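Undergrad: To start, I am sharing the structure in question, which I have written as structure tokens.
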Amino acid sequence: VSYPTYAIGTQLAGAQVTTVDDPADTDSWVDLPGVRAVWINSPGNPSGQVIDRTALAKIVRAARLIGATVLSDECYAMLDWSEPTQVGQNAPIPASPCILEPEVCGGDASGILCLYSMSKQSNMAGYRAALVAGDAHLVKPMTAYRKQVGLIVPGPIQRAMRAALEDGEAV
């Protein structure tokens, strides 16, 4: 019914939370003992800072080096105001780089989960409308688990998500 923050979700999973000022500064976390997951949020909240492709690729490489999963919260991806862009008919919608772009992950989604929520771009916060993409070995058990604990997204919400994802003008 509710969505825990990264820190609370991590604690509920029985893990210890360690925070760093900038996850793109991989030296600040790559040598810490026990790092199993690296959460990133780009564009970030509340600053709107966008992690560029080069920095994202560096995060992916460092996480893979230590066997950690990168979880990229991209719920603000379509709300990237880092460059002025006119959105309208035949105008592109600005988007920040995605962790699953080949330039970032080398065409390999191993150890990567991209999380995307409709709450921000489409004002669907109360619907809990979101999706996860990435490493099939991680996604498959997550979807099975969610079904078993009653967290499957209802059909009408899935249809609303589809309509919202297809409506670039609304963004």
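Undergrad: Per residue of the range 52-65, what does 6.51 cos²θ - 1.76 cosθ + 1.60 with θ = phi - 60° give for ³J(HN,Hα)? Whole Hz please, x for Gly and Pro, Karplus curve as stated.
TA: Calculated HN-Hα couplings, in order: 6, 4, 4, 5, 4, 4, 5, 5, 4, 4, 5, 5, 5, 4 Hz.
Undergrad: ³J(HN,Hα) across the range 132-141 via Karplus (A = 6.51, B = -1.76, C = 1.60, θ = phi - 60°), whole Hz, x for Gly/Pro?
TA: Per residue, the Karplus-derived 3J(HN,Hα) values read 10, 9, x, 4, 4, 5, 9, 5, 4, x Hz.
Undergrad: Same structure, new question: Run the numbers for Thr18 and Gln148: contour at 0.36 nm per residue of separation, minus the present Cα-Cα distance, in nm.
TA: 43.8 nm
Undergrad: Tell me the carbon and sulfur percent of the accessible area for the chain, rounded to whole percent, probe radius 1.4 Å.
TA: Here carbon and sulfur together make up 55 percent of the probe-accessible area.
Undergrad: Per residue, how much accessible surface does the range 95-154 expose to a 1.4 Å probe? Answer in Å², no decimals.
TA: It amounts to 57 Å² per residue over the range 95-154.
Undergrad: Given the -39500 (n - 2.57) contribution per DSSP H run of 4+ residues, what per-residue ellipticity at 222 nm results for the chain, rounded to the nearest 500 deg cm²/dmol?
TA: Dividing the helical sum by the residues of the chain leaves -8500 deg cm²/dmol.
Undergrad: Through the Karplus equation 6.51 cos²θ - 1.76 cosθ + 1.60, θ set to phi - 60°, convert the phi angles of the range 66-79 into ³J(HN,Hα) values in whole Hz; use x for Gly and Pro.
TA: Going residue by residue, I get 9, x, 9, 8, 9, 10, 10, 7, 10, 5, 9, 4, 7, 10 Hz, with x marking Gly and Pro.
Undergrad: Largest first and in whole Å, what are the equivalent-ellipsoid semi-axes of the chain based on the Cα gyration tensor, each being the root of 5 times an eigenvalue?
TA: 26, 22, 15
The values are calculated or read from the model by the stated rules, or taken from the named source; none is laboratory data. These numbers were taken from a predicted model, which means no experiment stands behind them. Remember, those area values only see protein heavy atoms, side chains included, never the ligands or the DNA or RNA. Shrake-Rupley method; radii C 1.70, N 1.55, O 1.52, S 1.80 Å.
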